[in-house]
1. For Arg300, put the label point 7 Å out on the Cα→Cβ axis and report which residues of region 123-166 keep their amide N under 19 Å from it.
2. State, to one decimal in nm, how far the label point of Glu84 lies from the label point of Ala290, with both points 7 Å from Cα in the Cβ direction.
3. Leaving out same-chain residues fewer than 8 places away, which lysines sit with a Cα under 29 Å from that of Lys272?
4. Give the label of the value calculated from the structure for Cα extents along the principal axes in Å, choosing from (1) 60, 58, 36; (2) 67, 49, 40; (3) 79, 47, 41.
5. Taking amide H atoms as placed 1.01 Å from N in the peptide plane, list the residues 5 or more away in sequence, or in a different chain, whose amide H sits under 5 Å from that of Asn154.
6. Using just the helices of the chain, give the 222 nm mean residue ellipticity in deg cm²/dmol: DSSP H runs with n ≥ 4 each add -39,500 (n - 2.57), and the total is spread over all residues, rounded to 500.
7. For the chain, give the share of DSSP beta bridges that are antiparallel, in percent and rounded to the nearest 5; count only bridges with both residues there.
8. How far apart, in nm, are the 7 Å Cα→Cβ label points at Arg136 and Trp380?
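Derivation of every value follows stated rules applied to the coordinates shown; laboratory data play no part. Computed from a prediction, not measured in an experiment: that's the story for all the values here. Reconstructed Cβ throughout: ideal geometry from the backbone, glycine too, with neighbour counts over all protein chains shown.
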Amino acid sequence: MRIAIIGCGYVADFYAATLCNHPELELQGVYDRNMERAKAHAEYYGVSNIYPSLEAVLGDDRVELIVNLTNPSSHFEISAAALEAGKHVYSEKPLAMDLQHAEQLVEMAEARGLQINGAPCTVLSETAQTIWKALRDGRIGTPRLVYAELDDGNVPQHNFAEWVSASGAPWPAKDEFEVGCTLEHAGYYMTWLTAFFGPAKRMTSFSTVLQPDKGIALDVNTADYSTACIEFVSGPVARFTCSLYPPHDHRFRIFGDDGWLSTDQAWDYGSKVQISRHHRFSRRAERHPALAKMMGLGPRRLPLVRKSKFVRDSKGANCMDFCRGVAETASAARENRPSRLSAQWSLHVTELVLCMQHPEIHGRPREIQSRFDPLAPMPWAQ
């Protein structure tokens, strides 16, 4: 499918670096309102066509799918314009900055018979698919509780001013801090939770600013810590934390009647998955891992459903195939089938993340309104 990228900032490098894994995606060109940034990106990645304007991109009849990598505040405007032009859309997270705009995008897409899917696509990773298959196979019995951590370390104290992408785009610190770490990152595990357990029923959340001074001038000081308790229609409950203050911690653990599943990294498609069993010595073994290992009671590594192998020729925290979601959107459009990253599912994830970051707006506890059809696992993870 023929695609065009709108937005050549920091994250665009991760898409450009993994595009080669999906030869079915034909890049027609790129556009950025900052022409110098577009030129630098195109030169680094060997893109021959730089569109002179947004109208030129949307008016190109060759382009079937728009990859919207603009700043979050522009997501709604660009995606809406693309849908109006009859293009399918894959948008970086969040789908929109407020729920009404996200709902409007989904309505527009459905009315026109178009796909609109939202990042992240880590639910399509080998790690996520392995955990999901273990759940479907009943490896830990009935799942009851999830602990999900997305603590990214104390970013304001890092040298973020020196973070530059392979093509020379700076990390957009002001935008990242003002949008908030929850809207930026909670989707990485919220997508897993909703894929594994279906729609959420109710959420209670709390958010606050722990570190007001981020080292740069901000127009808005958005919450840098959020935590939520989520009850799913299917029964399980999740405690989910997202922050920019404590040390890096991306643990994800699902506890069931017969044991628990765990992984340590949200941003690694090949992160190891471990399974642990309940037994009469559980408490002692947990306090003394060496003893548990001697007794054969410790966690065991589950083989991934397939080896995680893809090209990712770029710098940064990038053990992810960013274009896998674009490829899924394109495949669904080409085959005229529902996408695994459906519009209604993307809307549901957006609602949950917005509620998690903004309890003062959405109320607590909040009865979650949106619903979606069950996701399908990848064919290689059946």
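1. It comes to 130-143, nothing else.
2. 6.7
3. Leaving aside lysines fewer than 8 places away in the same chain, those within reach of Lys272 are Lys93, Lys133, Lys293, Lys307, Lys309, Lys315.
4. Looking at Cα extents along the principal axes in Å for this model, the match is (2).
5. His248
6. Estimated from H runs of four or more residues: -9000 deg cm²/dmol.
7. 60
8. 1.5
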